[in-house]
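Okay, structure first, notes after.
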Amino acid sequence: MLLGAVALLLLTACLNVASLLLARATARAREIAVRAALGASRARLVRQMLVESLVLACAGTAAGAAGALALLNIALASISLPVPRLSAATLDLRLLGFAVLVVGVTAVLFGFAPALVLSRTHAAQALKDGSRAATGARGRRWNRALVVVELALASAVLVASALLVRSVTRMIHAPTGVVADGVLTATLQAPAAGYREWPKVDQFYTALLEGIRRQPGIEAAGAATALPLDAGWRLPFRVDGRPPARADEDAIAQHLSVTPGYFDTMRATLLEGRLFADTDRRDSEPVVIVNETFARRVFPGEDALGRRLVSTATNIGPLGMNVVGRGPFRIVGVIADVQQAPPGQPGERAVYHTARQFPFRAMTLVARGADASVVATGLREALRRQDPSLPLGNVRSMNERLLARTSAPRLLMVVLLAFATVTSALAAIGVYGLLAGAVNERRREMAIRVALGAQPAALARRVTAEGLALAATGIAIGLTIAQLGGRLLQAVLFQTRTSDAPALVSTCVILLSAAALASFAPARRAARVPPTEGLKVE
């Protein structure tokens, strides 16, 4: 989708170049025709216009490359999102070369063709009725068509950008099922050398969490193998008592191991049953807690509490298999869905084991408190008392972790907003170039109208209306294209439809505003044409 937006943006820029070159050639039609009639070589005239077009294109490309590099440096300095390798981003020479090639081809094509046609125009035709050129009307029609196509492409890019921005915004602010404010996290790895057997692992984490909870300023504490927005192990399972299915038909769910106190610390919502307790140990019945999606999909219209699950996985951890085997595990609770997948991905079935029955040496500690620095000090002090040889790693707030996990969508939103800005600017330049050229060509006509009693304000309104009509036509075509391609766009949207009214309305408002702004200067110039302009002899 992003590559498609880049392609449309590049095509819009090429159409802008083509429109300006065609307008420039049309404006010089009379001069070229007269020079050709007076004996100037047509080949020389074509070469001259072609060279001028290439010079303009090269100057614009160089300015664009310099501007892109400057904007990239500004973006790198201003974007504070934790995106990996973002600081190493630079201009891709291959992409720059491709852009130069496309602009060069556009300059040659739209510089050569008009020059060849205009060099064959007879002087008598060019001077007929004081016209700027016999080909002027045809050139203006082509110019209008190019501007309309440019506006249509700009409209399609803006619609896609607006839809994706709204989609990303909803993705970023989608509920995670927990309350992240006030939670501090830290990773911990108990080495196999000192914690080879399950009883030592269980005793270590049980004592550590009890010590953490006793620290001043800490309200609750727990640990888990995977935090929200991180996926657990996707393992097969079956419901005990149901007919066994073929191996390739076993249902899949995420399996995570959490300690007693984890759900309380994260403030997850318990819907049915109970949470894990310290009495859920190795010598007690194996138990699990499932999420709402699991209960709804696996037991539709039934009560999930008390049902038992059997794991059909062959390897579920170096310690867990030795402790509880493959079950069966009795469901003792159902919690509201916690997002255990990256942003934008649909919710999955999740099974939570208690770490006292399904232990792991590597866990992520979570602790809640009003002051993050006090909580961090409490974590380090409790670990120092329990085992001073173990380091506490990656100490961050839960909000920082969530921000890091949503950094890619946030960066995408920034890029899309930049695309929308550039696209609007290109559309405005196209409209301005067309209207400015039209006003320059029709200055004498406008002067005569003023001399005959026309109001200058009426001329300004006419120019503005022409710009808005072009914008409205382009917007209508662009919105139609966007809706026709809605199926492709819908596949990458999150909780957003292609018919999203705010996105469509914002596209129309932005492009119409850009067209009105681009029409202001030509309209003002048209209103200020003096009546004496009509008396000049060309």
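A Förster radius of 30 Å combined with the Cβ-Cβ distance from Arg296 to Arg170 puts the calculated FRET efficiency at roughly 0.85.
Only counting other Cβ atoms within 10 Å, I'd like Glu197, Glu441, Glu150 sorted with the fewest neighbours first. Don't skip to the answer; put the middle values down first.
On the way: Glu197 12, Glu441 20, Glu150 28.
Arranged by neighbour count, lowest to highest, Glu197, Glu441, Glu150 become Glu197, Glu441, Glu150.
For the pair Ala501 and Ala457, the difference between a 0.36 nm per residue extended length and the Cα-Cα distance amounts to 12.4 nm.
Each peptide in 156-162, 186-192, 511-517 receives the mean, over its residues, of other Cβ atoms within 10 Å, and ordering these scores from highest gives 156-162, 511-517, 186-192.
Write down, largest first, the equivalent ellipsoid semi-axes of region 403-531 in whole Å, where each equals the square root of 5 times an eigenvalue of the alpha-carbon gyration tensor.
Numbers: eigenvalues 320, 45, 21 Å².
Whole-Å semi-axes of the equivalent ellipsoid: 40, 15, 10.
For the peptides 293-301, 334-342, residues were scored by their other Cβ atoms within 10 Å and the scores averaged per peptide; the highest-first order is 334-342, 293-301. Over region 191-389, what is the relative contact order in whole percent, taking alpha-carbon pairs under 8 Å and six or more residues apart? Computed over region 191-389, the figure is 35 percent. Here the label points at Thr269 and Gln203, each 7 Å from Cα along the C-beta direction, are separated by 4.2 nm in the simple model. Basic side chains Lys and Arg get +1 at the Cβ, acidic Asp and Glu get -1 at the Cβ, and with that the dipole of region 376-508 about its Cα centre reaches some 140 debye. Which ordering of Leu470, Leu403 is given by a fewest-first count of other beta-carbon atoms within 10 Å? Least to most surrounded, the residues fall as Leu403, Leu470. With both labels modelled 7 Å from their Cα along Cα-to-Cβ, the Ser373 to Arg242 distance reads 5.3 nm.
Can you classify region 413-478 as rounded, prolate or oblate using the Cα gyration tensor, where a ≥ b ≥ c are the square roots of its eigenvalues, rounded means a/c under 1.5, and otherwise it's prolate if a/b beats b/c and oblate if not? Judged from the Cα gyration tensor, region 413-478 comes out prolate (a/c at least 1.5, a/b above b/c). Each peptide in 347-355, 518-526 gets a packing score, the mean of other Cβ atoms within 10 Å over its residues, and the list from highest to lowest is 347-355, 518-526. As a proxy for reagent exposure, ranking Thr259, Thr206 by other Cβ atoms within 10 Å from fewest up yields Thr206, Thr259. For region 191-389, the C-alpha radius of gyration sits at 1.04 times the compact-globule guess of 2.2 N^0.38 Å, with N the residue count.
In a reduced charge model with +1 at each Lys and Arg Cβ and -1 at each Asp and Glu Cβ, region 191-389 shows a dipole moment near 320 debye about its Cα centre. Only the Cβ atoms of Lys and Arg (+1) and of Asp and Glu (-1) were treated as charged; on that basis the dipole of region 378-456 about its Cα centre amounts to roughly 120 debye.
In region 191-389, taking the dipole from charged Cβ atoms about the Cα centre, the farthest positive-side position among Ser257, Ser389, Pro328 is held by Ser389.
Just so you know, all these numbers are worked out from the coordinates, no wet-lab data involved. None of the values given here were measured: they were computed from a predicted structure. Positions of Cβ are generated from backbone atoms using ideal geometry, with glycine treated the same way; all protein chains shown enter the neighbour counts.
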